[in-house]
Amino acid sequence: ELVDTPSAKDDPRFAERGSVRRNEIDAVLCAPVGTPPIGVVYVQGRADGASFDARHRDCAALFAQQLALVAERVRGVRAPGDDVDHTADVRRRFVSPRLIGKSRALARVLSEAASMAPLDVGVLITGPSGTGKSELARAIHANSRRAGGPFVAVNCAAIPANLVESELFGVERGAHSTATQRTVGKVGAARGGTLFLDEVGELPFDAQAKLLQLLQDRQYYPVGSAQLVTADVRIIAATNVDLRDRVDKQTFRADLYYRLNVVTIEMPGLADRRDDLPDLARHLCRDACARHGLPTLELPRATLAALGEARVVLGRGRVDQL
């Protein structure tokens, strides 16, 4: 309710207040900010000693209304513990400390992952680069029956095309000019655990056939070997590209796509995890300090508020480059 008095020192509502008597306050105009009020716009006195009129009351009310919009946006960046953790329930059965956030979007991802973790089936994780796909893969492994086995990650985009087969399936000594010793390959190294194929959409077309055979038969031949090896691994793949589009363009095998796409979990980008931005910013700041041996820094509320204002600009950006 707007408060308007021509003289606070003569108004029985305020006359007995010490500050009013000390300062002999006359005209006062107060407009509440927000509903319910979280503050007020307070205007005291006029240069000519006159009272405030209807025009002043309208201006104060309008200013308070606009200020309330800004105040609500600032209040949206809450202190730790003030906001609702939508992931709390699922984290009790799916341990995932490296997946930072409390939003509904992240809770949905964790719930899907928790359902798939105990099952020895392949998972395809999609979503923009830097949104935590590898961390989700590690969490699925850590919560699976294979948690005691190795977690072996392979970046398919970083392997030269002519070495993909050797890198994945191993190679016998002398199988080619660079094979100076026998190597077991990533599939063999992941035996009893999980093989994570990151950026699987960048796998060369020829190597895709070998991966398809592995997924179908759970067996493979190391390069230069006639001995068939059984692959005791769970395969989790991740991509930031539209594999369906690549199938249409005939740069990705359709049969491999359907083999990988049995269970898909989509990691949301920042645009869908706006409530997680303060927690992510705090985590990345503390992580950077620990990595560089610096004293731990706590981001002030003003910084988090400014980050909240930048949400639209961030759009679907990377979580790891927030």
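Spin-label pair R46-L119: with each label point 7 Å from Cα along the Cα-Cβ axis, the two points sit 7.3 nm from one another.
So, by mean Cβ neighbours within 10 angstrom, what's the order for 139-149, 282-292 with the highest one leading? Mind showing how you got there, number by number?
Numbers: 139-149: 18.1, 282-292: 12.9.
So the peptides 139-149, 282-292, ranked by packing, come out 139-149, 282-292.
Averaging the sequence gap over all C-alpha pairs within less than 8 Å and six or more residues apart, then dividing by the number of residues, gives the chain a relative contact order of 18 percent.
The alpha-carbon of K186 sits under 20 angstrom from the alpha-carbons of these aspartates and glutamates, leaving out residues fewer than 8 places away in its chain: D120, E135, E165, E167, E172, D198, E199, E202, D206, D217, D232.
Report, in degrees rounded to the nearest 10, the 0 to 90 angle that the Cα long axis of helix 54-75 makes with the longest principal axis of the chain. Roughly 30 degrees, rounded to the nearest 10.
Taking each residue as 0.36 nm, the span from D232 to R57 lengthens on full extension beyond its C-alpha to C-alpha distance by 55.4 nm. Net charge of the neighbourhood of A27, taken over other residues with C-beta under 15 Å away and scored Lys/Arg +1, Asp/Glu -1, is -2. Quick check: the angle from helix 205-217's long axis to the longest principal axis of the chain, C-alpha only, nearest 10 degrees? Its long axis makes an angle of about 80 degrees.
Solvent exposure of the chain amounts to 55 Å² per residue of accessible area, where only protein heavy atoms count and the probe is 1.4 Å.
Positive contributions from Lys and Arg (+1) and negative ones from Asp and Glu (-1), summed over other residues with Cβ under 12 Å from the Cβ of A237, come out at 0.
Computed with a 1.4 Å probe on the full set of protein chains, the accessible area for Y258 sits at about 130 Å². To the nearest ten degrees, helix 104-116 and the longest principal axis of the Cα atoms of the chain are 30 degrees apart. Would you indicate which of [x] 22.7; [y] 25.4; [z] 19.4 is the value of mean projected area of the Cα convex hull in nm² derived from the coordinates of this structure? The calculated read-out lines up with [y].
Tell me, how many Å apart are the Cα centres for segment 184-232 and for segment 268-297? If we compute the Cα centre of each part, the gap is 36 Å. Per atom type, the chain shows carbon and sulfur on 51% of its accessible surface, probed at 1.4 Å.
Looking at the chain only, what percent of DSSP beta bridges run antiparallel? Nearest 5 please.
Working: 12 of 29 bridges.
Bridges in the chain that DSSP calls antiparallel: roughly 40 percent.
This model, with +1 at the C-beta of Lys and Arg and -1 at the C-beta of Asp and Glu, gives the chain a dipole about its Cα centre of some 880 debye. Mean-square fluctuations from a GNM of the chain, with a 10 angstrom spring cutoff on Cα atoms, peak among E298, E112, E24 at E24.
The values are calculated or read from the model by the stated rules, or taken from the named source; none is laboratory data. Since the structure is predicted, the reported quantities are computational estimates derived from the model, not experimental observations. Cβ sites come from the backbone with ideal geometry, for glycine too, and all protein chains shown count toward neighbours. What goes into the accessible areas is simple: the full protein's heavy atoms, side chains included, and nothing from ligands, DNA or RNA. Shrake-Rupley method; radii C 1.70, N 1.55, O 1.52, S 1.80 Å.
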